[in-house]
Amino acid sequence: MPRSALRVFAAVLSTLMLAAGCSGDAGSGDGRRPTGADVTIHVPADAPTISAAVSLAEPGDLVLVAPGVYHESVKIKTARITLRGVSRDKVVIDGRLQQPNGVVVTAPGVAVQNLTVKNNTQNGVLVTGSAKAAAGLPGQGGYDTGDEPATLLKSFLVSHVTATSNGLYGIYAFSAQNGVIEHSYTSGSADSGIYVGQCKPCRIVVRENIAELNAVGYEGTNASGDMYVVGNRLVGNRVGLTTNSDHQEKLVPQRDAVIAGNLIAANQQTATPEQADGGWGIGIGVDGGSGNQFIHNRVANNDNAGLVITATSDIPPVGNKIVDNAFTGNGVDVGWTFPAATRGWGNCLRGNELHTTVPARLATTASCPQEANTTSPNGSWKTPPAPRGIAFTKVAAPNPQSQFTDATTAGATVVPAVPVLPETAGITLPSAALLAPDALVRTTS
């Protein structure tokens with residue numbers, strides 16, 4: 001889905017702040033690294049700032065950060081280092097709306113753990129192999145354009161991170177693969193809480209995260225091949241989840257993601273940033289994505305629709321499978337609607353708890369298995385209007401979040417070259433209380 005309005009706003013704001021000399025980088029070259037291999041560099045005991053400690057670190061080192069508020073943009077360019085806070089809620093990287101990114105990772109094998117990033121004009125945590133994205137070039141918002149091939153960063157981990165009140169994305173993995181985003185919390189993202197874009201094959205697992213009070217909870221754009229979104233709480237955004245194709249990024253079209261075991265509910269919160277395309281009250285949106293599997297998700301109480309399949313531009317949705325999900329209390333449980341020039345085909349349903357579909361009787365007329373060339377039926381329904389949103393800086397502060405176990409004693413984290421991918425056979429339907437203790441927004445289903 002196009003997000004140009006939000007990107008232009010964030011890029012302009014970022015440019016103005018950088019022009020004023022508020023880049024946020026601090027302390028490079030200060031402090032000392034303890035002698036030896038695979039050491040722990042303490043902030044501020046060994047280095048006065050996080051950036052200084054990261055600049056000293058060598059592969060295998062742990063940068064361990066004491067509680068405090070750090071006004072800096074941390075750029076990690078050294079492979080296989082771990083950046084970890086002693087306390088997730090008390091180690092805060094605060095951009096003060098004077099820098100585009102809180103943490104930028106451009107080296108493989110890096111782990112970012114147990115800290116909070118907030119108040120950045122673009123992203124809380126950015127993991128990328130794209131030089132343009134890392135530079136946050138004004139007017140592009142981190143997109144790659146042109147004919148050169150995408151450069152993918154190999155392997156990453158983002159775990160137990162709180163990303164709140166950021167101008168584009170909370171946690172942003174772009175032109176990266178072989179990674180995990182887990183046990184994290186995002187809110188107040190003016191675009192998406194968690195975003196994975198421009199990877200093929202991705203081999204990325206997004207699991208057991210909370211995304212609430214964002215314009216979109218999770219978005220996967222041109223994210224194809226071994227892309228897993230599993231066991232997340234996507235509740236209380238404007239749109240819960242989208243998986244889509246977009247010509248503004250490389251590696252179109254999007255295909256072959258697995259969306260399984262998630263709670264996707266009550267995505268019509270008014271005290272949220274506006275979604276760039278006016279999205280509202282939607283649990284799951286498939287916009288030109290193909291070959292995706294939606295399995296054992298609980299999709300409830302989304303005022304517009306539980307799951308929508310449509311086309312984007314000239315890219316049809318093909319061969320998406322909706323299997324064994326529970327749909328309750330949605331305006332429309334499953335709706336398929338296509339522009340006149342671009343229809344989908346081969347999309348199907350099986351074994352779902354369903355009450356309403358558009359067109360009617362989809363469970364019968366489009367049951368799985370479906371012939372690959374069978375044109376998908378088309379319909380329309382009255383959608384509720386989207387209310388005005390609020391600034392991303394005004395979104396409610398999160399509750400204290402679960403901590404990384406043994407943060408001070410665990411040592412550096414070894415990030416695998418390729419993560420272990422989930423077995424879909426073991427994924428079950430989640431309860432309506434999934435990850436509720438750490439969330440602000442509740443659902444009654």
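The values are calculated or read from the model by the stated rules, or taken from the named source; none is laboratory data. Model, not experiment: these values are computed from the prediction. Using ideal geometry, Cβ is built from the backbone for each residue, glycine included, and neighbour counts are taken over all protein chains shown.
Looking across the range 380-433, the residues that are among the hydrophobic types (A, V, I, L, M, F, W, C) and either modelled with pLDDT under 95 or more than 30 Å from P67 (Cβ to Cβ) (or both) come down to W381, A386, A417, V418, V420, L421, A425, I427, L429, A432, A433.
Residues in the range 281-304 that are more than 18 Å from the chain's Cα centre (by Cα) and either of a type in the set (V, I, T) or closer than 22 Å to A190 by Cα (or both): G281, I295, V299, N302, D303, N304. Looking only at the range 148-174, residues that are within 21 Å of V117 (Cα to Cα) and not hydroxyl-bearing (S, T, Y) come to 13 in all.
The sole residue among T365, T409, T405 that is among the polar types (S, T, N, Q) and in contact (Cβ under 8 Å) with a residue 12 or more places away in the chain is T365. Restricting attention to the range 62-95, which residues are among the aliphatic types (A, V, I, L, M), crowded, with 18+ Cβ neighbours inside 10 Å and outside any loop (DSSP other than H, G, I, E, B)? Within the range 62-95, L62, V63, L64, V65, V74, I76, L83, V91, V92, I93 meet the criteria.
Residues that are aromatic (F, W, Y) number at least 1 in the following strands (runs of 3 or more DSSP E) confined to the range 198-275: 216-223, 227-230. The range 307-346 holds strands (runs of 3 or more DSSP E) entirely within its bounds, and those carrying 2 or more residues that are within 24 Å of D246 (Cβ to Cβ) map to 321-323, 334-336. Considering the range 276-296, the residues that are part of a loop (DSSP other than H, G, I, E, B) and touching a strand residue (DSSP E or B) at 6+ places or on another chain (Cβ under 6 Å) include one that is surrounded by the most Cβ atoms within 10 Å (Cβ to Cβ), namely G289.
Apart from one condition, A326 fits all of (1) in contact (Cβ under 8 Å) with a residue 60 or more places away in the chain; (2) closer than 15 Å to A260 by Cα; (3) surrounded by 23 or more Cβ atoms within 10 Å (Cβ to Cβ); (4) among the aliphatic types (A, V, I, L, M); the exception is (3). Only a single criterion out of (1) surrounded by fewer than 24 Cβ atoms within 10 Å (Cβ to Cβ); (2) over 14 Å from the mean Cα position of the chain (by Cα) is not satisfied by L153, namely (1).
No other residue among V252, V235, V308, V216 is over 20 Å from Y169 (Cα atoms) and in contact (Cβ under 8 Å) with a residue 60 or more places away in the chain apart from V252. Counting only residues that are of a type in the set (K, R) and more than 16 Å from S380 (Cβ to Cβ), which one in the range 320-352 is nearest to the chain's Cα centre (by Cα)? Taking the candidates together, the pick is K321. If you go through the range 28-61 and keep only what is crowded, with 23+ Cβ neighbours inside 10 Å and either in contact with a helix residue (DSSP H, G or I) (Cβ under 8 Å, 6 or more places away or on another chain) or in a strand (DSSP E or B) (or both), you end up with I41, V43, A47. Only a single criterion out of (1) at pLDDT 95 or above; (2) assigned to a loop (DSSP other than H, G, I, E, B); (3) surrounded by fewer than 17 Cβ atoms within 10 Å (Cβ to Cβ); (4) not aromatic (F, W, Y) is not satisfied by P437, namely (2).
The number of residues in the range 96-129 that are in contact with a Gly (Cβ under 8 Å, 6 or more places away or on another chain), in a strand (DSSP E or B) and either modelled with pLDDT under 95 or under 25 Å from A410 (Cβ atoms) (or both) comes to 12.
When the range 356-388 is filtered for residues that are of a type outside the set (V, I, T) and not in a loop (DSSP other than H, G, I, E, B), the ones remaining, listed by number, are L362, A363, S367. Every condition in (1) more than 30 Å from D94 (Cβ to Cβ); (2) in contact with a Ser or Thr (Cβ under 9 Å, 6 or more places away or on another chain) holds for A360 except the one numbered (2).
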